[in-house]
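Right, one structure below, let's go through it.
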Amino acid sequence: MKFFTLIMVALVRLAVAMPAYESLIGLSEREINEFVARNGIAPIPNPPEPLRAGQNGLKLVNDAAHPFKTQGTDEIRGPCPALNTLANHGYLPRSGVARPDQIVTAVMEGLNLGNDFAKFLTYQAFLMNGNPLTNLMSIGMKTPLTGQDPPKPAQVGGLSQHGTFEGDTSMSRVDAFFGDPAAFNQTRFNDLLAYATKYGVNGTYDVTAASELRYERLQDSIATNPQLVFTSPRILSAYSEAVFPTVYFVDGRLNNRQLTQQAATSFFAMQRMPQDFHRQPAPVSFEVIEPLTGKLFKDHPFVPGVNHGKNNYIEMPQTPAVSDFCGIYRDIALRVIPEQYPRPTGPLKDAIKKNLVFLYGAVSFQHNCTQVFPYGK
Ligand code: HEM
């Protein structure tokens with residue numbers, strides 16, 4: 001009922017904000033997104049609320065209402081195994097083009113991400129890779145389906161855009177220097193399985209396997225990728241993504257932080273939830289993820305940096321460290337986003353500012369970061 005009300009409110013706001021060329025009532029989420037992409041400026045709904053008590057627990061999520069379907073030829077997938085899987089099960093529009101609020105809802109519903117954590121991941125990605133005017137983002141490659149781009153240097157490149165959220169040293173993708181960094185790579189993934197066999201309890205991908213693999217991926221890229229970049233904000237996503245599978249891809253009934261190789265293959269290679277898959281028994285947020293990434297860092301500390309040629313890693317200690325959460329937030333807001341939007345005006349500026357407020361809302365809850373305003377208050 002609440003969802004229905006939200007849709008109705010969104011539709012009314014849409015109708016008020018834009019010339020009503022056609023009635024939107026009765027259109028699917030995908031059709032509404034396509035309408036917005038064709039027609040320019042979209043209303044920006046507030047981020048979804050946390051799942052309510054009684055609806056935020058253990059649940060069968062590979063259910064009849066969310067059947068797996070292989071992506072169609074015109075459907076976009078990208079570098080994130082979780083979002084690809086959620087699109088293949090219809091938690092996200094199967095087109096692979098979505099509004100940020102749809103992404104927040106999908107990761108809460110499908111995998112039980114905590115609300116603030118879901119918002120942190122989503123709004124930073126959206127600000128770097130989405131279209132603030134149409135409020136749409138591709139979960140993979142750049143596409144006209146997100147509408148007309150704001151002026152350059154804005155990229156609106158989708159999640160596959162290298163050098164934004166997508167970056168080097170991935171676990172199941174190659175570095176951009178070697179090929180398509182968004183495409184699943186079996187050889188890379190075989191390394192993940194080998195590390196599970198070598199280091200994990202009973203051959204599972206657990207936090208020890210994650211720790212050793214994360215270290216190896218950095219060492220390998222330092223040795224082989226002359227253009228390696230391993231600085232904020234990529235360092236944080238690299239470390240978080242290494243531990244995500246040990247939490248969110250593990251069936252919530254077991255919830256032992258040990259991902260079997262079979263389940264890992266299902267999510268990463270097939271982009272499909274295992275049969276009978278249940279999500280986490282309670283929303284999981286920073287308070288669980290950060291100690292795990294902290295362990296990875298403690299096991300193998302590193303200084304952010306870039307390669308100037310193979311095996312020539314130049315440390316950049318003046319940039320935020322992976323443990324400096326608020327420093328990374330500031331770096332995103334004051335450097336990364338203004339690089340794409342140096343002097344936005346009008347509705348574009350309003351939209352970016354609104355999304356920056358949503359991003360700050362996600363980091364203010366469990367972190368005491370000071371809010372920053374790259375475009376004034
Ligand atoms: C909520 C919004 C999310 C966004 C916007 C997002 C975005 C991304 C992006 C851009 C990448 C590519 C980074 C790279 O390796 O270069 C990525 C990778 C990854 N994501 Fe997500 N993600 C989200 C949620 C999740 C969730 C809930 C999980 C849970 C398991 C997850 C698991 C992963 C993993 C394991 C990788 C690493 C793939 C690899 O290194 O090969 N993501 N994500």
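Here, each number is a calculation from the coordinates, and none is a lab measurement. Just so it is clear, the model here is predicted, and its values are computed rather than measured. No Cβ is skipped: glycine too gets one built from the backbone with ideal geometry, and neighbour counts run over all protein chains shown.
In table form, for the structure just shown:
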{"item": "Local electrostatic count, His367, Cβ distance below 15 Å [Lys/Arg +1, Asp/Glu -1]", "result": "-3"}
{"item": "Cα-based shape type of the range 289-372, given that a ≥ b ≥ c are square roots of the gyration tensor eigenvalues and the cut on a/c is 1.5", "result": "oblate"}
{"item": "DSSP H segments from the chain that extend 24 Å or more along their own axis, Cα-based, with Kyte-Doolittle mean of -1.0 or above", "result": "207-224, 346-364"}
{"item": "Whole-Å semi-axes of the ellipsoid equivalent to the range 224-267 (Cα gyration tensor, √5λ, descending)", "result": "28, 13, 6"}
{"item": "Compactness of the range 36-179, expressed as Rg and Dmax over alpha-carbon positions, Å", "result": "15.2, 47"}
{"item": "Charge sum, other residues only, whose C-beta stays under 12 Å from His66's C-beta, Lys/Arg counted +1 and Asp/Glu -1", "result": "+3"}
{"item": "Highest-MSF residue in the chain out of Ala194, Ala106, Ala82 [GNM, Cα springs under 10 Å]", "result": "Ala194"}
{"item": "Ellipticity estimate at 222 nm from DSSP helix runs (n ≥ 4, -39,500 (n - 2.57)) divided over the chain, nearest 500", "result": "-13500 deg cm²/dmol"}
{"item": "Listed residues Ala242, Ala37, Ala223, most fluctuating in the chain (Gaussian network, C-alpha, under 10 Å)", "result": "Ala223"}
{"item": "Cα gyration tensor, the range 168-323 - rounded (a/c under 1.5), prolate or oblate", "result": "prolate"}
{"item": "Relative contact order, percent, the range 200-271 [alpha-carbon distance under 8 Å, six or more residues apart]", "result": "42 percent"}
{"item": "Where chymotrypsin sites (Phe, Trp or Tyr not before Pro) fall in DSSP loop in the range 180-241, at most 13 other Cβ within 10 Å", "result": "none"}
{"item": "Convex hull of the chain built on C-alpha atoms - directionally averaged projected area, nm²", "result": "18.1 nm²"}
{"item": "For the chain, Cys with no neighbouring Cys Cβ under 4.7 Å", "result": "Cys80"}
{"item": "Cα gyration tensor, the range 78-159 - rounded (a/c under 1.5), prolate or oblate", "result": "prolate"}
{"item": "Sorted by Cβ density within 10 Å, fewest first, the residues Asp101, Asp149", "result": "Asp149, Asp101"}
{"item": "Magnitude of the charge dipole, the chain, Cβ model with Lys/Arg +1 and Asp/Glu -1, debye to 20", "result": "520 debye"}
{"item": "Most mobile listed residue (Lys198, Lys349, Lys152) in the chain, GNM with C-alpha springs under 10 Å", "result": "Lys152"}
